[in-house]
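Please read the structure below before turning to the comments.
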């Protein structure tokens, strides 16, 4: 049973986490100009993709390990290995991408920020499996709030995006050390013992999820890369602004889905697939209802609110804004189905889905952006998210049937 405090703090932490990029981008746009904001947006998108390497699908695996196949130290060790891989891939990515000067340093600093996030994820998963998801929510809240404040204060004083990012990273690191590292001792974990053998076993089991997670972030940002290739930083900034309302649906999915990780694991361990399906449909119902409210809100207040918040005029993109909200619904359902397939340990189907959609994402967004500009970008986003949703839903049905047959044998 999920406690009210767990749900509440997870909701607060998820809201702040989801709003992080929106708030930073808003201040960056106002203080540093549209061009720097566009540069920050594409660097942030790159950091999200590379962050998926550091995540490596370990959080959902750890949070649903109710039989304790591996210890906290094992999971932490595997996370460190994943982070090392992420750092190596980062330098390769910025070199191949030809990142230089400001764009290069923004990307590197955002990756360092993600390194701390990933370390914290191991602690948050341990809090959750000990039925203290509230501590994980507080961790997300404190680290992101303090980091945002540090960024804003330094940017107001210096108008220097690089220096602002440096202080943002430092704030995240200090909060992690003072909160997560200190509290983990309450769970009888005083010392972390690195077991390389078990760490690599976890890495091996998570590889399909990890690759799918990386491809997931890529396909989410495929439209932004299409704009980066055929558009300019100004168009990039406008797209990111009208994309922001989709985060309302995303954050709703975060604070609804994450508290159920352990319950998903319990139902799977006991073979209660009907209960697993029942929770899934309830969550989908909430997401559809939330999307309807967001669509109505964006139709009435979306343009004036975003104009005021970002200090730019996006009235010519109202229709595109409403289209993108729909992509937010599919993205939220993708997140739910992804986690359910991970829970029932059908990583191969997640892998297959994102391989197929990634192949499609190489040319569909580019074609639509080239021919239809912002409208094409919005439509491409919906097509990509809907394709993932359909494939994951089909594979989840197949996966559950396979598990039921295996149990009855």
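Any read-out appearing in this document is the output of simple, stated calculations on the displayed coordinates, not a laboratory observation. The structure displayed is predicted, hence computed values, not measured ones. All Cβ positions, even for glycine, are placed from backbone atoms using ideal geometry, and neighbour counts span all protein chains on display.
Summary table below
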read-out: Calculated [θ] (222 nm, deg cm²/dmol) that DSSP helices of n ≥ 4 give over the chain, each run adding -39,500 (n - 2.57); value: -29000 deg cm²/dmol
read-out: Binned Cα-Cα distances of the stretch 1-130, short to long, each 5 Å bin given as a whole percent; value: 2, 10, 17, 18, 16, 15, 10, 7, 4, 1, 0
read-out: Quotient of Cα Rg and 2.2 N^0.38 Å for the stretch 139-240, N being how many residues it contains; value: 1.52
read-out: Size descriptor, Kirkwood hydrodynamic radius, that averages inverse alpha-carbon separations across the stretch 251-295, Å; value: 11.3 Å
read-out: Rounded FRET efficiency, nearest 0.05, which uses the C-beta distance separating residue 191 from residue 274 and R0 of 25 Å; value: 0.05
read-out: Alpha carbon convex hull of the chain, projected area averaged over orientations, nm²; value: 18.8 nm²
read-out: Unit Cα scatterers, Debye sum, the stretch 85-151: log10 I(q)/I(0) for q = 0.18, 0.19, 0.27, 0.28 Å⁻¹; value: -0.77, -0.81, -1.09, -1.13
read-out: Ranked 217, 223, 312, criterion: other C-beta atoms within 10 Å, fewest first; value: 312, 217, 223
read-out: Debye log10 I(q)/I(0) at q = 0.16, 0.26, 0.29 Å⁻¹ for the stretch 1-61, Cα point scatterers; value: -0.72, -1.04, -1.10
read-out: Spin-label pair residue 84/residue 282, simplified geometry with 7 Å Cα→Cβ offset, distance in nm; value: 4.3 nm
read-out: Exposure proxy ranking, count of Cβ atoms within 10 Å, fewest first, for 165, 389; value: 389, 165
read-out: Neighbour-count ranking [beta-carbon atoms within 10 angstrom, fewest first] of 105, 9; value: 105, 9
read-out: Principal axis dimensions, largest first and in whole angstrom, of the stretch 231-354 by Cα; value: 54, 29, 19
